[in-house]
1. Which members of the stretch 2-29 meet the condition of being over 23 Å from Arg62 (Cβ atoms), of a type in the set (Gly, Ala, Ser) and surrounded by 12 or more Cβ atoms within 10 Å (Cβ to Cβ)?
2. For Asp41, which of the numbered conditions (1) in contact (Cβ under 8 Å) with a residue 40 or more places away in the chain; (2) near the ligand (Cβ under 10 Å from one of its atoms) fails to hold?
3. Within the group Glu96, Glu92, Glu104, Glu100, which residue is within 20 Å of Thr10 (Cβ to Cβ), modelled with pLDDT under 95 and not polar (S, T, N, Q)?
4. Write out, first by first residue and then by second, each pair whose Cβ atoms fall under 9 Å of each other, whose residues are 6+ apart or on separate chains, and whose first residue, in the stretch 68-97, is over 28 Å from Asp109 (Cα atoms) and touching a residue at least 60 places away in the same chain (Cβ under 8 Å) while the second is part of a helix (DSSP H, G or I) and near the ligand (Cβ under 9 Å from one of its atoms).
5. Could you grab me the full set of residues in the stretch 47-68 that are more than 10 Å from the ligand (Cβ to nearest atom) and at pLDDT 90 or above?
Amino acid sequence: MSDVAHLKRTLDRIPRGGLAEAFYRALFAAHPDLRTLFSTDPGAMEQKFEVTLRSIVESLDRPADMAVPLRTLGQRHESYGVHPDHYRFAGEALREALRECLGETWTPDLERAWNDAYSRIVEQMTGKPTG
Ligand code: HEM
């Protein structure tokens, strides 16, 4: 199975809402100051985040289709006050959330595939290499 197919299957195993809830909990536990960036109702925010993340993962094997939407999403994030360093914090929180949601099915292979995918997403959103 390709890495992308593996990631899609993985997200499909997580009940709707579960990943976003675990993600924001991990993000704000590690970086409480980031709460001030968010003004939208957390439930609505979680839903938007999760729907978008799932659709990004669905499209990872069609990078050309994703370049413009991801850059536009990244530019909106700049206007929310999101700094490039914040993507590292979000990456750590997402990994934590996936580990929590997947339990024993979270494997080193999956972690590698996820890290690689997340770097590509951030590069497209910020327009900068993550190196
Ligand atoms: C893979 C990375 C990310 C994805 C897929 C994502 C997705 C989204 C989506 C779908 C929205 C809804 C509004 C819109 O579409 O513009 C949003 C809003 C937002 N995101 Fe993200 N995001 C990501 C990373 C981050 C990071 C690293 C931060 C910084 C801590 C962040 C902070 C915010 C804030 C502050 C808002 C606006 C909240 C509000 O309206 O109150 N996001 N994000």
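The values are calculated or read from the model by the stated rules, or taken from the named source; none is laboratory data. In this text, all values refer to a predicted model and were calculated from it rather than measured experimentally. Cβ coordinates were reconstructed from backbone atoms using ideal geometry, including for glycine residues, and neighbour counts include every protein chain displayed.
1. So the first thing to find is which residues in the stretch 2-29 are over 23 Å from Arg62 (Cβ atoms), and the list is 15-18, 20-29.
Those still in the list that are of a type in the set (Gly, Ala, Ser) too: 17-18, 20, 22, 26, 29.
If the condition is that a residue be over 23 Å from Arg62 (Cβ atoms), of a type in the set (Gly, Ala, Ser) and surrounded by 12 or more Cβ atoms within 10 Å (Cβ to Cβ), then Gly17, Gly18, Ala20, Ala22, Ala26 are the ones that fit.
2. (1)
3. Details: Glu96 fails: modelled with pLDDT under 95; Glu92 fails: modelled with pLDDT under 95; Glu100 fails: modelled with pLDDT under 95.
So the residue among Glu96, Glu92, Glu104, Glu100 that is within 20 Å of Thr10 (Cβ to Cβ), modelled with pLDDT under 95 and not polar (S, T, N, Q) is Glu104.
4. none
5. Going residue by residue through the stretch 47-68, those that are more than 10 Å from the ligand (Cβ to nearest atom) are 58-68.
Selection gives Glu58, Ser59, Leu60, Asp61, Arg62, Ala64, Asp65, Met66, Ala67, Val68.
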